Amino acid sequence: MVHADVRLTWSQVEEQSRRIAKALLVNGVSRGDNVAVWMPNHPTWLLLWLAAVQIGAVIVPLNTRYTAAEASYILAKSEAAMLFMEASFLGRDFPAMFREICPDWNGERSLGLPHLRSVVLIDGEEIGLSAFADFLNSADDVTDLELDTAALSVRADDTVIIVFTSGTTGFPKGVMHSHNALRMMAEVTMWLSIGPDDRILGHLPLFHVSGIFSSFLPALISGGALIQLDKWDATEALRLVSTEGVTVLSGIPTHFIDLLKHPRLCDFDTATLRIGWIGGSTIPSSIVTGSRDALGMQALLPVYGMSETTSTTTLGRPSDPIDSLMAGKGLPLGGYEVVVVDPRLREPLPMGTEGEIAVRGYTVMKGYYGDPESTRAVLSDEGWFYTGDLGVFDERGYLSITGRLSDKFIVGGNNVHPADIEHVLLACPGVKVAHVVARPDNRLGEVAVAFVERVPGIVLTAADVLAHCRSHLASFKVPRDVVFVDTWPTTPTGKVERFRLRQSAIELALHELTSVTAPPKEGNSDANQ
(Lines give C-alpha, C1' and ligand atoms only; values in the text may rest on other atoms or scores of the structure.)
Protein backbone atom coordinates (compact mmCIF):
# COMPACT_ATOMS: atom_id res chain seq x y z
CA MET A 1 0.00 0.00 0.00
CA VAL A 2 1.28 3.42 -0.98
CA HIS A 3 -0.23 6.65 0.34
CA ALA A 4 1.70 9.92 0.48
CA ASP A 5 4.79 9.07 2.57
CA VAL A 6 3.32 5.77 3.85
CA ARG A 7 4.59 2.62 2.16
CA LEU A 8 3.56 -0.78 3.53
CA THR A 9 4.53 -4.25 2.38
CA TRP A 10 1.93 -7.00 2.62
CA SER A 11 3.83 -8.46 5.57
CA GLN A 12 3.50 -5.12 7.35
CA VAL A 13 -0.18 -4.99 6.42
CA GLU A 14 -0.69 -8.39 8.05
CA GLU A 15 1.24 -7.38 11.18
CA GLN A 16 -0.58 -4.05 11.60
CA SER A 17 -4.05 -5.44 10.85
CA ARG A 18 -3.53 -8.15 13.48
CA ARG A 19 -2.64 -5.48 16.04
CA ILE A 20 -5.81 -3.56 15.21
CA ALA A 21 -7.83 -6.78 15.45
CA LYS A 22 -6.48 -7.31 18.98
CA ALA A 23 -7.44 -3.74 19.89
CA LEU A 24 -10.95 -4.33 18.57
CA LEU A 25 -11.26 -7.37 20.81
CA VAL A 26 -10.12 -5.36 23.85
CA ASN A 27 -12.80 -2.78 23.03
CA GLY A 28 -15.51 -5.41 23.08
CA VAL A 29 -15.89 -5.95 19.33
CA SER A 30 -16.53 -9.54 18.34
CA ARG A 31 -18.05 -11.62 15.56
CA GLY A 32 -21.17 -9.99 14.13
CA ASP A 33 -20.54 -6.51 15.56
CA ASN A 34 -20.70 -3.55 13.17
CA VAL A 35 -17.87 -1.00 13.04
CA ALA A 36 -18.39 2.29 11.18
CA VAL A 37 -15.56 4.02 9.30
CA TRP A 38 -15.92 7.69 8.35
CA MET A 39 -12.66 8.64 6.70
CA PRO A 40 -11.06 9.07 3.25
CA ASN A 41 -8.83 6.64 1.38
CA HIS A 42 -5.88 5.75 3.57
CA PRO A 43 -4.09 2.53 4.55
CA THR A 44 -5.66 2.78 8.03
CA TRP A 45 -9.11 2.37 6.45
CA LEU A 46 -8.05 -0.90 4.85
CA LEU A 47 -6.17 -2.08 7.92
CA LEU A 48 -9.37 -1.61 9.93
CA TRP A 49 -11.33 -3.73 7.45
CA LEU A 50 -8.74 -6.50 7.39
CA ALA A 51 -8.66 -6.43 11.18
CA ALA A 52 -12.44 -6.62 11.45
CA VAL A 53 -12.84 -9.59 9.10
CA GLN A 54 -10.21 -11.54 11.04
CA ILE A 55 -12.50 -11.60 14.08
CA GLY A 56 -15.82 -11.75 12.17
CA ALA A 57 -16.75 -8.09 12.67
CA VAL A 58 -18.36 -6.00 9.93
CA ILE A 59 -17.19 -2.67 8.49
CA VAL A 60 -19.83 -0.02 7.70
CA PRO A 61 -18.36 2.68 5.42
CA LEU A 62 -19.69 6.24 5.59
CA ASN A 63 -19.48 8.57 2.62
CA THR A 64 -17.03 11.37 3.44
CA ARG A 65 -19.41 13.86 1.82
CA TYR A 66 -22.36 13.00 4.04
CA THR A 67 -23.96 15.72 6.11
CA ALA A 68 -24.52 15.06 9.81
CA ALA A 69 -28.14 14.09 9.14
CA GLU A 70 -27.16 11.58 6.46
CA ALA A 71 -24.41 10.05 8.60
CA SER A 72 -26.76 9.87 11.58
CA TYR A 73 -29.19 7.72 9.63
CA ILE A 74 -26.45 5.25 8.63
CA LEU A 75 -25.03 5.02 12.15
CA ALA A 76 -28.47 4.36 13.61
CA LYS A 77 -29.64 1.95 10.92
CA SER A 78 -26.41 -0.07 11.02
CA GLU A 79 -26.43 -0.32 14.82
CA ALA A 80 -22.70 0.44 14.79
CA ALA A 81 -20.88 -0.45 18.01
CA MET A 82 -17.77 1.60 17.18
CA LEU A 83 -17.02 4.57 14.98
CA PHE A 84 -13.60 5.48 13.53
CA MET A 85 -13.41 8.91 11.97
CA GLU A 86 -11.00 11.45 10.58
CA ALA A 87 -10.65 14.86 12.23
CA SER A 88 -11.31 16.72 8.97
CA PHE A 89 -11.49 16.19 5.23
CA LEU A 90 -12.57 18.43 2.34
CA GLY A 91 -13.35 21.19 4.83
CA ARG A 92 -15.63 18.99 6.93
CA ASP A 93 -15.18 18.89 10.69
CA PHE A 94 -16.16 15.32 11.51
CA PRO A 95 -16.03 15.67 15.32
CA ALA A 96 -18.30 18.72 15.06
CA MET A 97 -20.74 16.76 12.92
CA PHE A 98 -20.63 13.90 15.41
CA ARG A 99 -21.48 16.30 18.24
CA GLU A 100 -24.42 17.45 16.13
CA ILE A 101 -25.50 13.83 15.73
CA CYS A 102 -24.93 12.93 19.41
CA PRO A 103 -25.02 16.07 21.56
CA ASP A 104 -25.40 13.87 24.65
CA TRP A 105 -22.33 11.70 23.95
CA ASN A 106 -20.37 11.27 27.17
CA GLY A 107 -17.56 9.10 25.84
CA GLU A 108 -19.45 5.86 26.36
CA ARG A 109 -23.08 6.21 25.32
CA SER A 110 -25.75 8.30 23.63
CA LEU A 111 -29.52 7.99 23.76
CA GLY A 112 -29.66 8.80 20.05
CA LEU A 113 -27.32 5.95 19.10
CA PRO A 114 -27.83 3.34 21.85
CA HIS A 115 -25.64 0.68 20.16
CA LEU A 116 -22.59 2.95 19.92
CA ARG A 117 -20.01 2.22 22.64
CA SER A 118 -16.83 3.93 21.45
CA VAL A 119 -15.69 6.64 19.01
CA VAL A 120 -12.06 6.73 17.89
CA LEU A 121 -10.48 9.79 16.28
CA ILE A 122 -7.76 8.81 13.79
CA ASP A 123 -5.82 12.04 14.17
CA GLY A 124 -6.00 14.87 16.69
CA GLU A 125 -7.61 15.00 20.12
CA GLU A 126 -11.18 15.73 21.19
CA ILE A 127 -12.85 15.44 24.59
CA GLY A 128 -15.04 12.34 24.67
CA LEU A 129 -13.32 10.73 21.71
CA SER A 130 -10.61 8.09 22.01
CA ALA A 131 -7.26 8.72 20.32
CA PHE A 132 -6.22 6.13 17.76
CA ALA A 133 -2.80 5.76 19.40
CA ASP A 134 -4.44 4.85 22.71
CA PHE A 135 -6.75 2.43 20.90
CA LEU A 136 -3.74 0.71 19.32
CA ASN A 137 -1.86 0.50 22.61
CA SER A 138 -4.73 -1.46 24.11
CA ALA A 139 -3.78 -4.35 21.76
CA ASP A 140 -1.02 -5.30 24.20
CA ASP A 141 -3.67 -6.88 26.42
CA VAL A 142 -4.48 -9.59 23.83
CA THR A 143 -2.17 -12.48 22.92
CA ASP A 144 -1.68 -14.00 19.47
CA LEU A 145 -3.39 -17.15 20.71
CA GLU A 146 -6.48 -15.21 21.80
CA LEU A 147 -6.68 -13.52 18.39
CA ASP A 148 -6.23 -16.81 16.53
CA THR A 149 -8.92 -18.40 18.70
CA ALA A 150 -11.34 -15.59 17.84
CA ALA A 151 -10.53 -16.04 14.15
CA LEU A 152 -11.50 -19.73 14.32
CA SER A 153 -15.16 -18.73 14.81
CA VAL A 154 -15.31 -16.85 11.47
CA ARG A 155 -17.26 -18.52 8.67
CA ALA A 156 -17.14 -17.96 4.91
CA ASP A 157 -20.72 -16.72 4.75
CA ASP A 158 -20.25 -14.19 7.57
CA THR A 159 -21.00 -10.60 6.61
CA VAL A 160 -17.79 -8.61 6.12
CA ILE A 161 -19.15 -5.23 4.98
CA ILE A 162 -22.42 -3.30 4.83
CA VAL A 163 -22.39 -0.75 2.02
CA PHE A 164 -25.29 1.69 2.19
CA THR A 165 -26.87 2.69 -1.10
CA SER A 166 -30.02 4.58 -1.99
CA GLY A 167 -30.90 1.76 -4.38
CA THR A 168 -34.45 1.98 -5.70
CA THR A 169 -36.11 3.74 -2.75
CA GLY A 170 -35.57 7.08 -1.11
CA PHE A 171 -34.00 5.63 2.05
CA PRO A 172 -30.46 4.21 2.12
CA LYS A 173 -30.29 0.43 2.40
CA GLY A 174 -27.39 -1.53 3.84
CA VAL A 175 -26.11 -4.05 1.30
CA MET A 176 -24.54 -7.02 3.11
CA HIS A 177 -21.68 -8.93 1.49
CA SER A 178 -19.75 -11.94 2.77
CA HIS A 179 -16.28 -13.33 2.08
CA ASN A 180 -17.66 -14.29 -1.36
CA ALA A 181 -16.47 -10.83 -2.41
CA LEU A 182 -13.02 -12.43 -2.64
CA ARG A 183 -14.30 -15.02 -5.09
CA MET A 184 -15.95 -12.38 -7.28
CA MET A 185 -12.88 -10.18 -7.35
CA ALA A 186 -10.62 -13.19 -7.99
CA GLU A 187 -12.57 -13.58 -11.24
CA VAL A 188 -12.03 -9.91 -12.07
CA THR A 189 -8.33 -10.22 -11.22
CA MET A 190 -7.91 -13.14 -13.61
CA TRP A 191 -10.06 -11.46 -16.28
CA LEU A 192 -7.73 -8.43 -16.27
CA SER A 193 -4.60 -10.60 -15.84
CA ILE A 194 -3.60 -8.64 -12.73
CA GLY A 195 -0.47 -10.05 -11.08
CA PRO A 196 2.09 -9.21 -8.38
CA ASP A 197 3.90 -6.77 -10.68
CA ASP A 198 0.77 -4.67 -11.27
CA ARG A 199 0.18 -1.35 -9.54
CA ILE A 200 -3.45 -0.25 -9.18
CA LEU A 201 -4.44 3.40 -8.76
CA GLY A 202 -6.72 3.51 -5.71
CA HIS A 203 -8.51 6.81 -6.26
CA LEU A 204 -12.00 5.34 -6.07
CA PRO A 205 -13.46 5.94 -2.60
CA LEU A 206 -13.40 3.04 -0.18
CA PHE A 207 -16.98 3.75 0.93
CA HIS A 208 -18.03 2.70 -2.59
CA VAL A 209 -18.03 -0.89 -3.87
CA SER A 210 -15.82 0.10 -6.80
CA GLY A 211 -13.10 1.21 -4.41
CA ILE A 212 -13.27 -1.41 -1.67
CA PHE A 213 -13.98 -4.36 -3.98
CA SER A 214 -12.79 -3.66 -7.53
CA SER A 215 -9.65 -1.68 -6.65
CA PHE A 216 -8.40 -3.02 -3.33
CA LEU A 217 -9.27 -6.71 -3.48
CA PRO A 218 -7.47 -7.38 -6.81
CA ALA A 219 -4.33 -5.90 -5.25
CA LEU A 220 -4.76 -8.06 -2.14
CA ILE A 221 -5.50 -11.20 -4.17
CA SER A 222 -2.65 -10.76 -6.64
CA GLY A 223 -0.04 -9.36 -4.28
CA GLY A 224 0.23 -6.25 -6.41
CA ALA A 225 0.36 -2.69 -5.11
CA LEU A 226 -2.45 -0.24 -4.35
CA ILE A 227 -1.46 3.40 -4.91
CA GLN A 228 -4.00 5.39 -2.89
CA LEU A 229 -5.36 8.86 -3.54
CA ASP A 230 -7.49 10.69 -0.93
CA LYS A 231 -9.66 12.50 -3.44
CA TRP A 232 -9.87 12.75 -7.18
CA ASP A 233 -7.39 15.22 -8.67
CA ALA A 234 -6.39 14.70 -12.30
CA THR A 235 -2.95 16.28 -11.91
CA GLU A 236 -2.10 14.18 -8.86
CA ALA A 237 -3.44 11.06 -10.57
CA LEU A 238 -1.20 11.64 -13.58
CA ARG A 239 1.77 12.32 -11.30
CA LEU A 240 1.21 9.02 -9.50
CA VAL A 241 0.82 7.14 -12.77
CA SER A 242 4.16 8.54 -13.85
CA THR A 243 6.16 8.26 -10.62
CA GLU A 244 4.67 5.01 -9.25
CA GLY A 245 4.41 3.17 -12.55
CA VAL A 246 0.65 2.57 -12.33
CA THR A 247 -0.48 -0.24 -14.63
CA VAL A 248 -4.21 -0.56 -13.83
CA LEU A 249 -6.41 2.51 -14.08
CA SER A 250 -10.19 2.26 -13.72
CA GLY A 251 -13.06 4.61 -12.99
CA ILE A 252 -16.08 6.40 -14.32
CA PRO A 253 -16.21 8.56 -17.48
CA THR A 254 -15.59 11.71 -15.41
CA HIS A 255 -12.16 10.47 -14.37
CA PHE A 256 -11.05 9.73 -17.92
CA ILE A 257 -12.51 12.97 -19.27
CA ASP A 258 -10.44 14.89 -16.71
CA LEU A 259 -7.27 13.02 -17.68
CA LEU A 260 -7.75 13.25 -21.43
CA LYS A 261 -8.57 16.98 -21.27
CA HIS A 262 -5.74 17.78 -18.87
CA PRO A 263 -3.76 20.70 -20.35
CA ARG A 264 -0.42 19.09 -19.39
CA LEU A 265 -1.22 15.47 -20.22
CA CYS A 266 1.82 15.25 -22.50
CA ASP A 267 4.13 16.22 -19.64
CA PHE A 268 3.41 12.96 -17.80
CA ASP A 269 4.71 9.50 -18.63
CA THR A 270 1.77 7.10 -18.88
CA ALA A 271 3.68 4.33 -20.67
CA THR A 272 3.17 1.85 -17.83
CA LEU A 273 -0.64 1.96 -18.09
CA ARG A 274 -1.97 -1.36 -19.34
CA ILE A 275 -5.63 -2.01 -18.62
CA GLY A 276 -8.66 -0.96 -16.60
CA TRP A 277 -12.43 -0.89 -16.50
CA ILE A 278 -14.93 1.92 -16.91
CA GLY A 279 -18.46 2.09 -15.59
CA GLY A 280 -21.01 4.25 -13.88
CA SER A 281 -22.88 5.81 -16.80
CA THR A 282 -22.93 6.13 -20.58
CA ILE A 283 -19.42 5.78 -22.01
CA PRO A 284 -18.46 8.35 -24.68
CA SER A 285 -16.62 6.74 -27.58
CA SER A 286 -13.92 9.40 -27.31
CA ILE A 287 -12.91 7.95 -23.93
CA VAL A 288 -12.44 4.44 -25.27
CA THR A 289 -10.27 5.65 -28.15
CA GLY A 290 -8.54 8.31 -26.01
CA SER A 291 -7.51 5.78 -23.38
CA ARG A 292 -5.73 3.87 -26.12
CA ASP A 293 -4.33 6.71 -28.22
CA ALA A 294 -3.52 9.33 -25.56
CA LEU A 295 -2.97 7.28 -22.40
CA GLY A 296 -1.46 4.26 -24.13
CA MET A 297 -3.73 1.69 -22.48
CA GLN A 298 -4.09 -1.68 -24.16
CA ALA A 299 -7.77 -1.93 -23.21
CA LEU A 300 -10.45 -0.08 -21.25
CA LEU A 301 -13.26 -2.52 -20.54
CA PRO A 302 -16.90 -1.56 -19.87
CA VAL A 303 -18.25 -2.94 -16.60
CA TYR A 304 -21.82 -3.31 -15.43
CA GLY A 305 -22.58 -3.91 -11.80
CA MET A 306 -24.00 -2.45 -8.63
CA SER A 307 -23.57 -2.56 -4.88
CA GLU A 308 -25.88 -5.56 -4.62
CA THR A 309 -23.78 -7.62 -7.06
CA THR A 310 -20.30 -6.97 -5.61
CA SER A 311 -19.81 -4.17 -8.18
CA THR A 312 -19.40 -6.52 -11.16
CA THR A 313 -22.00 -8.41 -13.20
CA THR A 314 -20.59 -8.19 -16.72
CA LEU A 315 -17.25 -7.06 -18.10
CA GLY A 316 -15.87 -6.60 -21.58
CA ARG A 317 -12.93 -8.68 -22.79
CA PRO A 318 -9.56 -7.19 -23.77
CA SER A 319 -9.93 -8.89 -27.16
CA ASP A 320 -13.38 -7.37 -27.87
CA PRO A 321 -13.69 -5.20 -31.00
CA ILE A 322 -13.73 -1.46 -30.42
CA ASP A 323 -17.40 -1.10 -31.38
CA SER A 324 -18.40 -3.61 -28.68
CA LEU A 325 -16.38 -1.72 -26.06
CA MET A 326 -17.91 1.58 -27.12
CA ALA A 327 -21.38 0.07 -26.85
CA GLY A 328 -20.66 -0.88 -23.24
CA LYS A 329 -21.29 -4.59 -23.83
CA GLY A 330 -19.96 -7.23 -21.48
CA LEU A 331 -20.07 -10.89 -20.48
CA PRO A 332 -20.82 -12.52 -17.11
CA LEU A 333 -17.53 -13.65 -15.60
CA GLY A 334 -18.72 -17.16 -14.80
CA GLY A 335 -19.94 -19.23 -11.89
CA TYR A 336 -23.17 -17.27 -11.48
CA GLU A 337 -26.27 -16.70 -13.61
CA VAL A 338 -27.47 -13.59 -15.44
CA VAL A 339 -30.79 -13.53 -17.29
CA VAL A 340 -33.16 -10.98 -18.79
CA VAL A 341 -36.75 -11.38 -17.60
CA ASP A 342 -40.17 -9.88 -18.12
CA PRO A 343 -40.35 -7.14 -15.44
CA ARG A 344 -43.93 -8.04 -14.55
CA LEU A 345 -43.96 -11.83 -14.81
CA ARG A 346 -40.26 -12.30 -14.02
CA GLU A 347 -40.01 -15.04 -16.63
CA PRO A 348 -36.93 -15.36 -18.89
CA LEU A 349 -37.07 -13.59 -22.24
CA PRO A 350 -35.44 -14.75 -25.48
CA MET A 351 -32.18 -13.35 -26.84
CA GLY A 352 -32.60 -9.93 -28.41
CA THR A 353 -35.55 -8.98 -26.20
CA GLU A 354 -35.24 -6.16 -23.69
CA GLY A 355 -36.20 -6.91 -20.11
CA GLU A 356 -35.14 -6.59 -16.48
CA ILE A 357 -31.71 -7.97 -15.60
CA ALA A 358 -31.72 -10.65 -12.89
CA VAL A 359 -28.65 -12.22 -11.25
CA ARG A 360 -28.24 -15.35 -9.11
CA GLY A 361 -25.13 -16.80 -7.46
CA TYR A 362 -22.18 -15.95 -5.25
CA THR A 363 -21.92 -12.39 -6.54
CA VAL A 364 -25.33 -11.42 -5.11
CA MET A 365 -25.64 -9.73 -1.72
CA LYS A 366 -26.94 -11.54 1.36
CA GLY A 367 -29.69 -8.95 1.69
CA TYR A 368 -30.35 -5.49 3.11
CA TYR A 369 -29.36 -5.09 6.75
CA GLY A 370 -32.36 -4.90 9.05
CA ASP A 371 -34.74 -4.52 6.12
CA PRO A 372 -36.41 -7.83 5.24
CA GLU A 373 -39.22 -6.11 3.35
CA SER A 374 -36.88 -4.36 0.90
CA THR A 375 -34.86 -7.57 0.59
CA ARG A 376 -37.95 -9.60 -0.36
CA ALA A 377 -38.85 -6.99 -2.99
CA VAL A 378 -35.66 -7.66 -4.98
CA LEU A 379 -34.35 -11.06 -3.83
CA SER A 380 -36.51 -14.12 -4.52
CA ASP A 381 -36.66 -17.30 -2.48
CA GLU A 382 -34.82 -18.97 -5.36
CA GLY A 383 -31.93 -16.52 -4.99
CA TRP A 384 -32.63 -14.29 -7.98
CA PHE A 385 -31.75 -10.62 -7.49
CA TYR A 386 -33.86 -8.34 -9.67
CA THR A 387 -31.72 -5.32 -10.49
CA GLY A 388 -34.34 -2.87 -11.73
CA ASP A 389 -32.09 -2.28 -14.76
CA LEU A 390 -33.08 -3.02 -18.33
CA GLY A 391 -30.88 -4.93 -20.74
CA VAL A 392 -30.73 -7.21 -23.75
CA PHE A 393 -28.47 -10.13 -24.69
CA ASP A 394 -27.09 -10.39 -28.22
CA GLU A 395 -26.27 -13.55 -30.17
CA ARG A 396 -22.74 -13.66 -28.70
CA GLY A 397 -24.05 -13.70 -25.13
CA TYR A 398 -23.01 -10.10 -24.48
CA LEU A 399 -25.29 -7.95 -22.35
CA SER A 400 -26.18 -4.36 -23.25
CA ILE A 401 -27.66 -2.06 -20.61
CA THR A 402 -30.57 -0.16 -22.12
CA GLY A 403 -32.09 1.76 -19.23
CA ARG A 404 -33.49 1.65 -15.71
CA LEU A 405 -36.90 0.62 -14.51
CA SER A 406 -36.66 3.01 -11.63
CA ASP A 407 -35.98 6.71 -11.75
CA LYS A 408 -32.60 6.28 -10.08
CA PHE A 409 -29.76 8.10 -11.78
CA ILE A 410 -25.98 8.29 -11.42
CA VAL A 411 -24.01 11.48 -10.69
CA GLY A 412 -20.27 11.04 -11.09
CA GLY A 413 -20.54 7.37 -10.18
CA ASN A 414 -22.83 7.96 -7.18
CA ASN A 415 -26.33 6.48 -7.15
CA VAL A 416 -29.02 9.08 -6.51
CA HIS A 417 -32.76 8.64 -6.16
CA PRO A 418 -35.13 11.59 -6.70
CA ALA A 419 -36.93 10.83 -3.44
CA ASP A 420 -33.75 11.62 -1.46
CA ILE A 421 -33.69 15.14 -2.87
CA GLU A 422 -37.45 15.66 -3.00
CA HIS A 423 -37.72 14.92 0.72
CA VAL A 424 -35.24 17.70 1.45
CA LEU A 425 -36.85 20.11 -1.03
CA LEU A 426 -40.26 19.70 0.57
CA ALA A 427 -38.75 20.71 3.91
CA CYS A 428 -37.58 24.00 2.41
CA PRO A 429 -39.78 26.94 3.52
CA GLY A 430 -41.80 28.18 0.56
CA VAL A 431 -41.76 24.93 -1.41
CA LYS A 432 -45.22 23.52 -2.10
CA VAL A 433 -44.43 20.69 -4.53
CA ALA A 434 -41.11 19.39 -5.84
CA HIS A 435 -40.07 16.76 -8.37
CA VAL A 436 -36.51 15.84 -9.33
CA VAL A 437 -35.28 14.32 -12.59
CA ALA A 438 -31.89 13.86 -14.20
CA ARG A 439 -30.43 15.54 -17.22
CA PRO A 440 -27.25 14.56 -19.09
CA ASP A 441 -23.99 16.21 -18.12
CA ASN A 442 -20.86 16.04 -20.28
CA ARG A 443 -18.58 15.41 -17.31
CA LEU A 444 -20.57 13.76 -14.52
CA GLY A 445 -22.84 11.67 -16.74
CA GLU A 446 -26.03 12.93 -15.13
CA VAL A 447 -27.00 15.68 -12.69
CA ALA A 448 -30.18 16.49 -10.80
CA VAL A 449 -32.72 19.10 -11.91
CA ALA A 450 -35.34 20.27 -9.42
CA PHE A 451 -38.78 21.38 -10.58
CA VAL A 452 -40.39 23.40 -7.80
CA GLU A 453 -43.84 24.88 -7.25
CA ARG A 454 -43.75 27.71 -4.71
CA VAL A 455 -46.25 28.37 -1.97
CA PRO A 456 -48.46 31.24 -3.23
CA GLY A 457 -47.36 34.60 -1.88
CA ILE A 458 -43.95 33.33 -0.70
CA VAL A 459 -40.79 34.89 -2.13
CA LEU A 460 -38.41 32.04 -2.90
CA THR A 461 -35.38 32.17 -5.19
CA ALA A 462 -33.33 29.41 -6.78
CA ALA A 463 -30.43 30.51 -4.59
CA ASP A 464 -32.59 29.92 -1.51
CA VAL A 465 -33.46 26.42 -2.68
CA LEU A 466 -29.86 25.54 -3.48
CA ALA A 467 -28.59 26.86 -0.15
CA HIS A 468 -31.14 24.68 1.63
CA CYS A 469 -30.08 21.62 -0.38
CA ARG A 470 -26.39 22.20 0.26
CA SER A 471 -26.96 22.22 4.00
CA HIS A 472 -28.91 18.95 3.99
CA LEU A 473 -27.49 16.86 1.15
CA ALA A 474 -24.18 15.43 -0.02
CA SER A 475 -22.87 17.64 -2.82
CA PHE A 476 -23.46 15.07 -5.57
CA LYS A 477 -27.18 15.11 -4.71
CA VAL A 478 -27.55 18.91 -4.86
CA PRO A 479 -29.52 19.92 -7.99
CA ARG A 480 -27.55 21.71 -10.66
CA ASP A 481 -30.67 23.51 -11.92
CA VAL A 482 -33.83 24.78 -10.26
CA VAL A 483 -36.89 25.42 -12.41
CA PHE A 484 -39.97 27.08 -10.94
CA VAL A 485 -43.33 25.99 -12.33
CA ASP A 486 -46.99 26.85 -11.73
CA THR A 487 -48.51 23.78 -13.40
CA TRP A 488 -47.41 20.17 -13.86
CA PRO A 489 -47.69 17.77 -16.82
CA THR A 490 -49.95 15.02 -15.53
CA THR A 491 -51.69 11.86 -16.65
CA PRO A 492 -55.51 11.66 -16.67
CA THR A 493 -55.29 10.26 -13.13
CA GLY A 494 -53.24 13.23 -11.93
CA LYS A 495 -49.82 11.56 -11.74
CA VAL A 496 -46.91 13.80 -12.73
CA GLU A 497 -45.30 12.65 -15.97
CA ARG A 498 -41.63 12.56 -15.11
CA PHE A 499 -40.57 11.87 -18.66
CA ARG A 500 -41.97 15.26 -19.69
CA LEU A 501 -40.01 16.92 -16.89
CA ARG A 502 -36.87 15.19 -18.14
CA GLN A 503 -37.53 16.50 -21.64
CA SER A 504 -37.96 20.01 -20.27
CA ALA A 505 -34.77 19.72 -18.22
CA ILE A 506 -32.78 18.69 -21.27
CA GLU A 507 -34.25 21.49 -23.40
CA LEU A 508 -33.57 24.10 -20.72
CA ALA A 509 -29.97 22.94 -20.38
CA LEU A 510 -29.43 22.97 -24.13
CA HIS A 511 -30.85 26.44 -24.64
CA GLU A 512 -29.59 27.96 -21.38
CA LEU A 513 -32.98 29.38 -20.51
CA THR A 514 -34.26 30.51 -17.12
CA SER A 515 -32.87 27.75 -14.90
CA VAL A 516 -30.23 28.65 -12.33
CA THR A 517 -27.06 26.58 -12.33
CA ALA A 518 -25.47 25.47 -9.05
CA PRO A 519 -21.67 25.28 -9.10
CA PRO A 520 -19.99 22.20 -7.61
CA LYS A 521 -19.79 22.37 -3.82
CA GLU A 522 -16.10 21.50 -3.69
CA GLY A 523 -13.32 22.96 -5.77
CA ASN A 524 -12.40 19.76 -7.56
CA SER A 525 -15.09 17.32 -8.55
CA ASP A 526 -18.10 15.33 -7.43
CA ALA A 527 -16.56 12.30 -9.11
CA ASN A 528 -17.02 9.62 -6.47
CA GLN A 529 -15.36 11.62 -3.66
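The values are calculated or read from the model by the stated rules, or taken from the named source; none is laboratory data. Keep in mind the model is a prediction, meaning the values are calculated, not measured. Because the Cβ atoms are built from the backbone with ideal geometry, glycine has one as well, and the counts that use them run over all protein chains shown. Keep in mind that these areas ignore ligands, DNA and RNA; they rest on the heavy atoms of the full protein, side chains included. Shrake-Rupley method; radii C 1.70, N 1.55, O 1.52, S 1.80 Å.
The alpha carbon gyration tensor of segment 347-392 gives principal lengths a ≥ b ≥ c with a/c of 1.5 or higher and a/b greater than b/c, which makes the shape prolate. When both segment 397-453 and segment 345-360 are represented by their alpha-carbon centers, they are found 25 Å apart.
Here the Karplus relation 6.51 cos²θ - 1.76 cosθ + 1.60, evaluated at θ = phi - 60°, turns the backbone of segment 48-59 into coupling constants of 4, 5, 4, 5, 4, 5, 5, 10, x, 7, 10, 8 Hz, with x for every Gly and Pro. A simple spin-label model places the labels of Leu405 and Ser286 3.6 nm from each other, with each point 7 Å out along Cα-to-Cβ.
Which of rounded, prolate, oblate describes segment 120-189, given a ≥ b ≥ c as roots of the alpha-carbon gyration tensor eigenvalues and a/c under 1.5 marking rounded, otherwise prolate only if a/b is larger than b/c?
Numbers: a/c = 2.59, a/b = 1.27, b/c = 2.04.
Oblate, since a/c reaches 1.5 and b/c is not below a/b.
Coupling constants for segment 191-199 follow from the phi torsions by the Karplus curve (6.51 cos²θ - 1.76 cosθ + 1.60, θ = phi - 60°), and in residue order they are 4, 8, 6, 7, x, x, 8, 7, 10 Hz; glycine and proline get x. Close amide-amide hydrogen proximity is noted between Val431 and Val455, each under 5 Å apart and 5 or more residues distant or on a separate chain (H modeled in the peptide plane; Pro and chain starts excluded).
Across segment 1-110, the mean sequence separation of Cα contacts (distance under 8 Å, 6 or more residues apart), normalised by length, yields a relative contact order of 26 percent.
Applying the Karplus relation 6.51 cos²θ - 1.76 cosθ + 1.60 with θ = phi - 60° to segment 418-434 yields 3J(HN,Hα) values of x, 4, 4, 7, 4, 4, 6, 4, 5, 8, 7, x, x, 8, 8, 9, 9 Hz, where x marks Gly and Pro. Computed over neighbours whose Cβ is under 10 Å from that of Thr44, the net charge equals -2, Lys and Arg +1, Asp and Glu -1.
Please label the shape of segment 291-431 as rounded, prolate or oblate, based on the square roots a ≥ b ≥ c of the eigenvalues of the alpha-carbon gyration tensor (a/c under 1.5 means rounded; beyond that, a/b larger than b/c means prolate, else oblate). Let's see the in-between values first.
On the way: a/c = 1.95, a/b = 1.28, b/c = 1.52.
Oblate is the answer for segment 291-431, as a/c is 1.5 or above yet b/c matches or exceeds a/b.
Summarised as an ellipsoid, segment 278-360 has semi-axes of 27, 13, 11 Å, derived from the eigenvalues of the Cα gyration tensor scaled by 5 and square-rooted, with the largest first.
Relative to one another, the C-alpha centroids of segment 171-226 and segment 1-61 are positioned 16 Å apart. For segment 120-166, with all protein chains in place and a probe radius of 1.4 Å, 53% of the accessible heavy-atom surface sits on carbon or sulfur. With R₀ fixed at 30 Å, the C-beta to C-beta distance from Asp144 to Arg7 puts the FRET efficiency at about 0.75. The orientation-averaged shadow of the Cα convex hull for segment 9-143, equal to a quarter of the hull surface, comes to 7.6 nm². For segment 104-263, the solvent-accessible area with a 1.4 angstrom probe is 40 square angstrom per residue.
Please get the size of the charge dipole for the chain, origin at its Cα centre, with Cβ charges of +1 on Lys and Arg and -1 on Asp and Glu, quoted in debye to the nearest 20. Intermediate results must be reported in sequence, preceding the final value.
Values: 43 positive and 62 negative charges, 170 e Å.
My answer is approximately 820 debye.
Expressed as a whole percent, the accessible surface of segment 262-404 that belongs to carbon and sulfur atoms is 51, based on a 1.4 Å probe. Short-range pairs are left out: with C-alpha atoms under 8 Å and at least six residues apart, the relative contact order of segment 8-56 is 54 percent. Students often get this wrong, so check it: of Lys408/Lys432; Lys77/Lys477; Lys77/Lys432, which have C-alpha atoms separated by over 25 Å? Violating the 25 Å Cα-Cα cut-off are Lys77/Lys432. Using 14 Å as the cut-off for backbone N distance, which residues of segment 220-263 belong to the label zone defined by a point 7 Å from the Cα of Gln298 along Cα→Cβ? Only 247-249 fall inside the zone, counting backbone N under 14 Å. Kirkwood hydrodynamic radius computed over the chain comes to 24.1 Å, based on all pairs of distinct alpha carbons. When you restrict to C-alpha pairs under 8 Å that are six or more residues apart and normalise by the size of the chain, the relative contact order lands at 11 percent.
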